[in-house]
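Just so it is clear, none of the values below were taken in a lab; they were calculated from the coordinates. Predicted model only: the values in this text are computed from it and were never measured. Virtual Cβ from ideal backbone geometry, glycine too; neighbours counted across all protein chains shown.
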Amino acid sequence: MQLVFHLVWWVPTTAWVLMTSMAVAEDQVTYATGPDGGGRTTVRGTILDHTGQKLTLRSSMGSPQEIPASRVLEVSTEWSPTKVNADRSFGDHQYDQALRLYGQALGDESRVWAQREILAQMICCLRQLERIEQATDFFLRLVQSDPETIWFGRIPLSWQTVQPPPALEKRAEQWMQNADSPAARLIGASWLLGTRHRAAAIEALQRLASQGQVRIASLATAQLWRTQAATVDEAGLERWADLLQKMPREVRPGALYVYAQALAARGHSERAALAWLRIGLLYADHDRSLAALGLLSAGRELERMGDHRQAASLYREILRDYAETTTAAQATARLESLGGD
């Protein structure tokens, strides 16, 4: 299905009307081989599609080859100069500029699988800029194009129980009532758990947790943990730990964050701090904001344990590596409260 994006709200209309076909050099795909996935092979050709199920490559001889997505290790292709510049801005945490450049690159890109990758980067930018409504609209378009998308970890869920702004709350109500999209219902419910719609959100999450799509069910289950983190018993913690290990990697960061909250509530301070640290160590590529929040939470737990030096070290790490996040201001405040230790 051809992706069509109407993004004229920040890019001049002509930039989207003038679609050009780029001369693309040969693509290169490295994938795992053998029954245990221990080997690797590199093939070259033209990528016809790359979904969450498989990558389809046409070799120079013209014959198509299908590679299971789970075995794809690396994809190399030629991008437009605009996309390259967007990646550079993204790497420098200049999200407004990266978003604008990705929008231009998307308008110039004719390969549907490449459009999805650019869109996934735009979702990251929008999440970092806390533009949740637009991030959700883009994510739902991405899932509509490829329900098994490899970029599912970019889903803009809430992992903190906060009161969303009125405009976001209204949109979340609409998403939660979307009968055609489990992803929309999941996103909506996640943002409504801290509102007057809490009961309806819990009911929606319970239904999603019992349905067949493993990533949706796993995330819905982890969202329900938010309502139990302060009261779960030791047996429940063990069940959560087991479920965490069974969840797909791309959906673990948020679940791990809530699990750490539950550990802290039960007095397992050291385990909680280590769990929060794992988010930054293992999953920063999925969600930088959550990784920074994990470091902050770990620092606070270390403070409660009396280890002010290590806590201050984590706060400085936030200021050094996650200065663009809203968590940085909280890290600064914690450092000041420790006297700049």
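May I ask for log10 I(q)/I(0) of region 221-262 at q = 0.20, 0.34, 0.35 Å⁻¹, from a Debye sum over the Cα atoms as equal point scatterers with solvent left out?
Here log10 of I(q) over I(0) equals -0.51, -1.37, -1.42.
Over the chain, calculate the relative contact order: mean separation of alpha carbon pairs under 8 Å at least 6 apart, over the residue count, as a percent.
Relative contact order for the chain comes out at 9 percent.
Can you check what the Kirkwood hydrodynamic radius comes to for region 218-303, Cα pairs only, in Å to one decimal? Intermediate values should be presented prior to the final figure.
Details: mean 1/r = 0.0797 Å⁻¹.
Result for region 218-303 stands at 12.5 Å.
According to the square roots a ≥ b ≥ c of the eigenvalues of the Cα gyration tensor, what is the shape class of region 81-156, taking rounded for a/c under 1.5, prolate for a/b larger than b/c otherwise, and oblate for the remainder?
Details: a/c = 1.95, a/b = 1.18, b/c = 1.66.
Oblate, since a/c reaches 1.5 and b/c is not below a/b.
Peptides 193-206, 293-306: what's the order by average Cβ count within 10 Å, highest mean first?
Most protected by this proxy first, the peptides run 293-306, 193-206.
What is the P(r) of region 113-235, as percent of Cα-Cα pairs per 5 Å bin from 0?
2, 12, 22, 23, 21, 12, 5, 2, 0, 0
Once both axes come from the Cα atoms, what is the angle between helix 182-192 and the longest principal axis of the chain, in degrees from 0 to 90, rounded to 10?
30 degrees
For Rg and Dmax of the Cα atoms in Å, one of [x] 18.2, 56; [y] 23.3, 77; [z] 21.3, 67 was computed from the structure I shared and the rest are decoys. Which label?
Here the calculated entry is [z].
Could you grab the relative contact order for region 232-321? Cα pairs under 8 Å, six or more apart, rounded to a whole percent.
Values: 92 pairs, mean separation 19.1, N = 90.
That works out to 21 percent.
Over 24 Å apart: what share of the alpha carbon pairs of region 23-145 falls there, rounded to a whole percent?
For region 23-145, the fraction of Cα-Cα distances above 24 Å is 36 percent.
Using only Cα atoms, what is the ratio of the radius of gyration of region 299-341 to 2.2 N^0.38 Å?
Taking the Cα Rg and dividing by 2.2 N^0.38 Å, one obtains 1.03.
Using all C-alpha to C-alpha distances in region 248-341, build P(r) with 10 Å bins and read off the rounded percent in each one.
Reading the bins upward from 0: 19, 50, 28, 2, 0.
I need the peptides 75-85, 37-47, 282-292 ranked by packing, meaning the mean over residues of other C-beta atoms within 10 angstrom, with the highest value on top.
The densest-packed peptide leads the list: 282-292, 75-85, 37-47.
List the relative contact order of region 87-180 as a percent without decimals, with contacts defined as Cα pairs under 8 Å and 6+ residues apart.
The value is 21 percent.
State, in angstrom, two size descriptors of region 157-227 derived from its alpha carbons: Rg to one decimal place and Dmax to the nearest whole number.
Cα only, region 157-227: 10.7, 32 Å (Rg, Dmax).
Against the empirical 2.2 N^0.38 Å scaling, what ratio does the C-alpha Rg of region 277-320 come to?
Numbers: Rg = 10.1 Å, N = 44, 2.2 N^0.38 = 9.3 Å.
For region 277-320, the normalised Cα radius of gyration comes out at 1.09.
Can you compute the helix-only [θ] at 222 nm over the chain? Use -39500 (n - 2.57) per DSSP H run of at least 4 residues, normalise by all residues, nearest 500 deg cm²/dmol.
Details: 15 runs with 191 residues, N = 341.
Taking each H run of at least 4 residues, the total per residue is -17500 deg cm²/dmol.
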